[in-house]
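First up is the structure itself, then whatever we jot down about it.
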Amino acid sequence: MSDDLSAVANFLYEAGTLKQTKRTGWWMAGVRDPESVAEHSWRTSLIASIIAKLEGADPARAAFLAVWHDTGETRTGDVNHLGKRYTEGETDPRAIAADQVAGMPEGVAQAVTDLIGEYEARESAEAVCARDADKLECMIQGIEYRAQGYENAQRWIDNSRGRIVTKSGQALADAVLDTGSLSWLRTALGETKR
């Protein structure tokens, strides 16, 4: 059992590298210090639970899928969409997950590989909600970067909005587009929107 848990401990350290792994697509938009993969995954999991609840799917399962969806990037880094044109065949997230869980207790290893497989297949309602959350989180981040003066983030906003497929995800995206990135603060302070 100790050897099995050593493999889990190694994975936990490996997963920690996502806190320093930057989302590289934002560099193309001129963002000097983009969010990390871990930061992206955290908000994605929150969004996934909300979309799933609105869609009548299991919010906990959708959030679970979303929090795990980019764990393979510990091994590949965050490859932006242009870079994927050249590396797609070599970076199957299911194969990466299988390597990552080698030596872990069988139940844990199977749970992780099943999760990554479900997310990648996008056949369950929860996986579809998690994927939409991934796109919506990117859109929201783009809006926040645009508000900081990164005009080129508009491309990510538009592309992400166009890839959202659930009715609830689309409605939420529209609401996000109609709401300023600091509207929450004005509301919390009782200020009126100007």
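For this structure, a couple of remarks:
- Test: residue 164 is in a helix (DSSP H, G or I) and either under 19 Å from residue 44 (Cβ atoms) or over 17 Å from the mean Cα position of the chain (by Cα) (or both): no
- Here the helices (runs of 4 or more DSSP H) wholly within the range 1-66 that include at least 3 residues being over 18 Å from residue 80 (Cβ atoms) are 2-16, 37-55.
- The set of residues in the range 170-188 that are closer than 17 Å to residue 148 by Cα and among the aliphatic types (A, V, I, L, M) comprises 176, 177, 182, 185.
- Contacts under 9 angstrom Cβ, first residue in the range 1-22 being over 14 Å from residue 68 (Cα atoms) and among the charged types (D, E, K, R), partner part of a helix (DSSP H, G or I) and modelled with pLDDT of 95 or more, 6 or more apart: 22/37
- Matching residues in the range 123-143 - criterion: being of a type in the set (D, E, K, R) and over 12 Å from the mean Cα position of the chain (by Cα): 123, 126
- Any chance residue 96 is at pLDDT below 95, farther than 15 Å from residue 25 by Cβ and buried (at least 16 other Cβ atoms within 10 Å of the Cβ): yes
- Flag if residue 115 is in contact (Cβ under 8 Å) with a residue 12 or more places away in the chain and under 29 Å from residue 5 (Cβ atoms): yes
- Residue within the range 124-138 that is open to solvent by 50 Å² or more (accessible area, probe 1.4 Å) and within 24 Å of residue 9 (Cβ to Cβ) present: no
- Exclusive hit being of a type outside the set (D, E, K, R), touching a Lys or Arg at 6+ places or on another chain (Cβ under 8 Å), within 26 Å of residue 153 (Cβ to Cβ) and crowded, with 17+ Cβ neighbours inside 10 Å, set 29, 63, 52: 29
- Test result for residue 146, modelled with pLDDT of 95 or more and surrounded by 13 or more Cβ atoms within 10 Å (Cβ to Cβ): yes
- Subset of the range 149-180 (residues that are polar (S, T, N, Q) and open to solvent by less than 50 Å² (accessible area, probe 1.4 Å)): 160, 166, 168
The values are calculated or read from the model by the stated rules, or taken from the named source; none is laboratory data. Since the model is a prediction, treat every value here as computed from it, not as a measurement. Methodologically, a virtual Cβ is constructed for each residue, glycine included, from the backbone with ideal geometry; neighbour enumeration extends over all protein chains shown. Just the protein is used for accessible areas: all its heavy atoms, side chains included, with ligands, DNA and RNA removed. Shrake-Rupley method; radii C 1.70, N 1.55, O 1.52, S 1.80 Å.
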